[in-house]
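Read through the structure below, which is laid out as structure tokens, and then see the notes.
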Amino acid sequence: MNINKEIIISYQEFDSTETLSTTEQLLIQKANEIRNNSYSPYSNFKVGAAILFDDGSITTGSNQENAAFPSGLCAERVALFYANSQFPTKKIIQIAIIGGYKNETTDTPITPCGSCRQVLIESESRQSSPIELLLVGEKKIWKISTAKALLPLSFSSNNLTSN
Ligand code: THU
């Protein structure tokens, strides 16, 4: 039998930060501020990520590049690996991501690359709860309730078990 299947993702779009909560506005501010620590001499594309934990604390990360290009790491993974290594028992509620060329911010939000999506969903399964994405552009803000939505049919630890 041949069955056609469809996967639909839904997300919210905002025109400005005004309607977001004060915590979300703070998270975005932190993500933007940490862009100053981006080490991106090769792309000049500065990205910041800010993570909100369940206890209300925030940690941040920025992209770190390398002359051997693949050795660099995106802001999201810098922040996530730091969060999971320093605070393994805290749950991540939300991650705000913002980026752009030098000090500009893209009009449309940037979205995490495939590898960052994979790491995000590992963090979700590790803590057994979703991580909400707050993707921030100058003109649009996208809110996605779980990282899983951005990587359908993903490879997971379930696939590692024997049949
Ligand atoms: N980058 C991030 O840090 N996060 C993203 O979501 C997209 C790309 C970084 C990687 C590299 O340092 C630069 O942006 C250009 O790709």
Between the range 50-91 and the range 96-149, the Cα center-to-center distance that results, in Å: 12 Å
Rounded to whole Hz, the Karplus (6.51, -1.76, 1.60) HN-Hα couplings of the range 39-46, x for glycine and proline: 9, 9, x, 8, 9, 6, 9, 9
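May I ask you to derive the relative contact order of the chain, considering only C-alpha pairs under 8 Å and at least 6 residues apart, and to give it as an integer percent? Don't jump to the answer; show the numbers that get you there.
Working: 304 pairs, mean separation 36.4, N = 163.
Relative contact order comes out at 22 percent.
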Derived scalar couplings ³J(HN,Hα) [the range 13-23; Karplus, 6.51 cos²θ - 1.76 cosθ + 1.60; whole Hz; x for Gly, Pro]: 10, 10, 8, 8, 7, 4, 7, 7, 5, 5, 5
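As a check on your grasp of the helix formula, calculate [θ] at 222 nm for the chain: sum -39500 (n - 2.57) over DSSP H runs of n ≥ 4, divide by the residue count, round to the nearest 500.
On the way: 3 runs with 38 residues, N = 163.
Taking each H run of at least 4 residues, the total per residue is -7500 deg cm²/dmol.
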Within a Gaussian network of the chain (alpha carbon springs, distance under 10 Å), most fluctuating of 127, 94, 12: 12
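Of the peptides 64-76, 41-53, 14-26, 137-149, how do they stack up when ordered by the mean number of other Cβ atoms within 10 Å, highest first?
Working: 64-76: 15.5, 41-53: 20.5, 14-26: 12.5, 137-149: 17.5.
Packing order, densest peptide first, comes out as 41-53, 137-149, 64-76, 14-26.
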Spacing of the two label points (7 Å from each Cα toward its C-beta) at residue 87 and residue 14, in nm: 2.0 nm
Cβ-based net charge around residue 155, under 12 Å, with every Lys or Arg adding one and every Asp or Glu removing one: 0
Amide N of the range 81-117 lying under 15 Å from the label point, which is placed 7 angstrom from the Cα of residue 36 along Cα→Cβ: 103-104
Karplus (6.51, -1.76, 1.60) ³J(HN,Hα), θ = phi - 60°, over the range 81-96, in Hz, Gly and Pro reported as x: 5, 5, 4, 6, 7, 8, 10, x, 9, 7, 8, 8, 8, 8, 9, 9
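With +1 on the Cβ of every Lys and Arg and -1 on the Cβ of every Asp and Glu, and nothing else charged, how large is the dipole of the chain about its Cα centre, in debye rounded to the nearest 20? The partial results should precede the final answer.
Values: 14 positive and 16 negative charges, 73 e Å.
In debye, rounded to 20, the chain gives about 340.
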Residue 138-residue 3 FRET efficiency (beta carbon distance; Förster radius 45 Å; 0.05 resolution): 0.60
Chain lengthening between residue 153 and residue 57 when straightened (0.36 nm per residue, less Cα-Cα): 31.4 nm
Greater than 21 Å apart at Cα, pairs in 46/91; 30/140; 30/90; 102/148: 46/91; 102/148
GNM top mover of 35, 117, 126 - the chain, alpha-carbon springs below 10 Å: 126
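Ignoring ligands, DNA and RNA, please state the percent of accessible area on the chain from carbon and sulfur, probe 1.4 Å.
50 percent
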Total formal charge among the other residues, if their Cβ is under 14 angstrom from that of residue 44, Lys/Arg +1 and Asp/Glu -1: +1
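The values are calculated or read from the model by the stated rules, or taken from the named source; none is laboratory data. None of the values given here were measured: they were computed from a predicted structure. Note that each Cβ is placed from the backbone with ideal geometry, even for glycine, and that neighbours are counted across all protein chains shown. Side chains are part of the model used for accessible areas, which takes the heavy atoms of the whole protein and leaves out ligands, DNA and RNA. Shrake-Rupley method; radii C 1.70, N 1.55, O 1.52, S 1.80 Å.
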